[in-house]
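*Asks:* To start, I am sharing the structure in question, which I have written as structure tokens.
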Amino acid sequence: MPLHIEKVSHSYGAVEALKDIDLDIADGETVALIGPSGCGKSTLLGIIGGLLQPVAGQVSLSGPPPADSLNPFTYIFQDFALLPWRSVAANVALALEHRRLGAAECRERVAAALALTGLSEFAAAYPKQLSGGMRQRVGIARALVVRPAVLLLDEPLSALDAQTRELLMEDLLAIWAREKSTRVYVTHNLEEAARLADRVVVLSRRPGRIREVLQIDVPVAERIRPEHAALLIDVHRRLWSLIRDEAATAEREILDV
Amino acid sequence: MSEPNAGRRPILFRGGGFAPTPRRAVPWIVFAVLIGLWQAASSSGLLPPLFMPSPAAIVRALYELWLDGTLMEHVTASLKRIVPGWIIGTAAGLAVGLAMGIFSSARAAGLPIVSALFPIPKIALLPVLILWLGIGEPSKVATIALGVFFPTVISAYSACDSVPRNLIRMAQSFGLPARDIVAKIVLPGAMPGILAGFRISASVALLLVVAAEMIGAQHGIGAFVLTAGNLMQTDQLLAGVVVLSILGLLISWGLGLVERSALRWR
């Protein structure tokens, strides 16, 4: 489902967070938003999914959302946002309970989402019993269970250690090969952007503007092949050269947002 | 390098300690030693029985009060004030406190009033309540209900505040209606804070029932303790105090059970 971001600006009080963001995202495309901390990339993601009201501009869809999607804009959060008092299955079911589905269909959908994320045997476990990677798998299952048209990923792997992150990147790629959705992926991790995105949008520091858009022509599923290793390194290097100076400046900034 | 192990020294252990570890016997030993010392001081005549009766005398007084039924009579009278007072105060306090936690306008309206009335020692209102409701049970129950109401309001609305915002944003992002967000996110998320508030309000209720019974009651532990003091029956007086302590322990044990079963997910 094509997505259009038009002249979006946002500010928190006197602090401008985003300025004049124009971006079209094609159906089924994965766009990574990267930039130095405080560039407003999470703010933009909040605006896209309707959790934040932009000061100016708008986000729109071409055409109606697909009929089988229960929740067209669906988030996966950095901190997982699981309910600690609900089991894994009940956390996933939370996304369905208010949708007037039959109990049987609910159970079926939850079971399918758990199977897809390798959580079937953990259905009755509670979040505190799970590792960070398993918790984020619950977050992913909860997002998939509503068949999102646009998947909004807010630094989904940032809270995980390097090895778990690698495993989950593989899982995401495997899931994306089967589930069709448009994806916006916010990250500060250049490798995630280079590995997972069709297009990388580089934002400048406050106020965030689009600084550069980098198309990566190799399909995501093929990027782990050895012959593309040089390409990934090159993408990584170009992204770093685009944000290095601003990241360094942002790092020295006094935070008073 | 003729001797490879020469000059090797083991690294000295310097961690450990500064971590509480359970010592199951210690509390019992401390209790036994203190009561033993007290009994010894009484038996040797160091403590005058009129001012400080021996543990044995207190136990004897308790036993006699149990046998002739006065103990249960007073305990029942007190419980008949605490239970309805606590339930009324808690129900009203939860209703107001949760409304203040959920609706900004309810908070804006309620917070100044609650802040102004909370610090009043509620026992000071007993004379007014007696004037309004008479000297009988309703004025005592109302005092307890008032005393329970305010801490419950405060714990309920701050418990709502402590529900992580990100969980509410998550629920909104999945399109949950506001009613479901309250029922499935805010209330369960506020439950630990609400239950912690119950401990405070239960101790307030115990305090107020004793105070109210000392001001004007025939029966009840407060009245019993006061009468015993007036008659210089110190052993009975302290037996009443022991009963209050047991009552407090039972209440906190019961609340502990409720917490453990309601908050198993922690």
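*Asks:* Filter segment A:116-136 down to the residues that are out of contact with any Leu (no Cβ under 8 Å at 6 or more places or on another chain) and of a type in the set (Ser, Thr, Tyr), then identify the one that is farthest from the other protein chains (Cβ to nearest Cβ).
*Replies:* A:Ser131
*Asks:* Still on this model: Taking segment B:100-147 only, how many residues are farther than 22 Å from B:Glu213 by Cα and charged (D, E, K, R)?
*Replies:* Number satisfying all stated conditions: 1.
*Asks:* Against the condition under 25 Å from A:Arg206 (Cβ atoms), within 14 Å of chain B (Cβ to nearest Cβ) and not in a loop (DSSP other than H, G, I, E, B), how does A:Ile5 come out, does it pass?
*Replies:* no
*Asks:* Just to check your reading of the model, which residue among A:Arg137, A:Arg109 is in a helix (DSSP H, G or I), in contact with a Ser or Thr (Cβ under 6 Å, 6 or more places away or on another chain), among the charged types (D, E, K, R) and touching a residue at least 12 places away in the same chain (Cβ under 8 Å)?
*Replies:* So the residue among A:Arg137, A:Arg109 that is in a helix (DSSP H, G or I), in contact with a Ser or Thr (Cβ under 6 Å, 6 or more places away or on another chain), among the charged types (D, E, K, R) and touching a residue at least 12 places away in the same chain (Cβ under 8 Å) is A:Arg137.
Conditions (1) within 14 Å of chain A (Cβ to nearest Cβ); (2) surrounded by 22 or more Cβ atoms within 10 Å (Cβ to Cβ); (3) not in a helix (DSSP H, G or I), marked per residue:
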residue	(1), (2), (3)
B:Ala142	no, yes, no
B:Leu146	no, yes, no
B:Val163	yes, no, yes
B:Ile168	yes, no, no
B:Arg179	yes, no, no
B:Val182	yes, no, no
B:Ala190	yes, yes, no
B:Ala205	no, yes, no
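*Asks:* Being among the charged types (D, E, K, R), outside any loop (DSSP other than H, G, I, E, B) and under 20 Å from A:Leu239 (Cα atoms) is the filter here; which residues of segment A:166-210 pass it?
*Replies:* Correct list: A:Glu166, A:Arg183, A:Glu191, A:Glu192, A:Arg195, A:Arg199.
*Asks:* If I ask for residues that are within 17 Å of A:Ser60 (Cβ to Cβ) and either out of contact with any Leu (no Cβ under 8 Å at 6 or more places or on another chain) or of a type in the set (Gly, Ala, Ser) (or both), which ones from segment A:1-22 would you list?
*Replies:* A:Glu6, A:Lys7, A:Ser9, A:Asp20, A:Asp22
*Asks:* Sort out which residues of segment B:1-56 are of a type outside the set (A, V, I, L, M, F, W, C), surrounded by 10 or more Cβ atoms within 10 Å (Cβ to Cβ) and in a loop (DSSP other than H, G, I, E, B), and write them in order of number.
*Replies:* Result: B:Pro48, B:Pro49, B:Pro53, B:Ser54.
Rundown of residues vs (1) within 13 Å of chain B (Cβ to nearest Cβ); (2) assigned to a helix (DSSP H, G or I); (3) surrounded by fewer than 19 Cβ atoms within 10 Å (Cβ to Cβ), yes/no style:
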| residue | (1), (2), (3) |
| --- | --- |
| A:Gly50 | yes, no, yes |
| A:Pro64 | no, no, yes |
| A:Phe80 | yes, no, no |
| A:Leu114 | no, yes, no |
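*Asks:* While we're here: Restricting attention to segment A:36-91, which residues are acidic (Asp, Glu) and farther than 27 Å from A:Leu190 by Cβ?
*Replies:* A:Asp68
*Asks:* To continue, here is another question. I'd like to check something: does segment A:226-238 contain any residue that is out of contact with any Ser or Thr (no Cβ under 9 Å at 6 or more places or on another chain) and either among the hydroxyl-bearing types (Ser, Thr, Tyr) or not in a helix (DSSP H, G or I) (or both)?
*Replies:* The answer is no; no qualifying residue exists.
*Asks:* Within segment B:96-105, is there a residue that is part of a loop (DSSP other than H, G, I, E, B) and more than 22 Å from B:Ser201 (Cα to Cα)?
*Replies:* yes
*Asks:* Would you check if there is a residue in segment B:248-264 being within 18 Å of the chain's Cα centre (by Cα), away from chain A (no Cβ under 14 Å), buried (at least 17 other Cβ atoms within 10 Å of the Cβ) and among the small types (Gly, Ala, Ser)?
*Replies:* no
*Asks:* Now, a different point. Using the structure shown, decide if A:Asp68 is modelled with pLDDT of 85 or more and of a type in the set (Asp, Glu).
*Replies:* no
*Asks:* Further question on the same structure: Being over 25 Å from the mean Cα position of the chain (by Cα), hydrophobic (A, V, I, L, M, F, W, C) and loosely packed, with under 10 Cβ neighbours inside 10 Å, is that true of even one residue in segment B:105-117?
*Replies:* Looking for residues that are over 25 Å from the mean Cα position of the chain (by Cα), hydrophobic (A, V, I, L, M, F, W, C) and loosely packed, with under 10 Cβ neighbours inside 10 Å, one finds none in segment B:105-117, hence no.
*Asks:* So, one more: Can you tell me which of (1) more than 11 Å from chain B (Cβ to nearest Cβ); (2) under 26 Å from A:Ala197 (Cβ atoms); (3) buried (at least 22 other Cβ atoms within 10 Å of the Cβ) is the one A:Ile76 doesn't meet?
*Replies:* The single condition A:Ile76 does not satisfy is (1).
*Asks:* When you check A:Gly38 against the structure, is it closer than 18 Å to A:Val200 by Cα and under 15 Å from the mean Cα position of the chain (by Cα), yes or no?
*Replies:* no
*Asks:* With the structure loaded, tell me whether A:Ala90 is in a helix (DSSP H, G or I), within 14 Å of chain B (Cβ to nearest Cβ), crowded, with 21+ Cβ neighbours inside 10 Å and hydrophobic (A, V, I, L, M, F, W, C) or whether it fails that test.
*Replies:* No.
*Asks:* Let me ask you something else. Is it the case that B:Arg264 is at negative phi and assigned to a loop (DSSP other than H, G, I, E, B)?
*Replies:* yes
*Asks:* Of the residues A:Glu246, A:Glu253, A:Glu191, which is loosely packed, with under 15 Cβ neighbours inside 10 Å and at pLDDT below 90?
*Replies:* A:Glu253
*Asks:* Now for a different question. Mind checking which residues of segment A:144-163 are farther than 22 Å from A:Ser62 by Cα, within 11 Å of another protein chain (Cβ to nearest Cβ) and outside any loop (DSSP other than H, G, I, E, B)?
*Replies:* Answer for segment A:144-163, where residues must be farther than 22 Å from A:Ser62 by Cα, within 11 Å of another protein chain (Cβ to nearest Cβ) and outside any loop (DSSP other than H, G, I, E, B): just A:Asp154.
The values are calculated or read from the model by the stated rules, or taken from the named source; none is laboratory data. Everything numeric in this text was worked out from a predicted model, so none of it was measured. Heads up, the Cβs are rebuilt from the backbone with ideal geometry, glycines too, and the neighbour counts pull from every protein chain shown.
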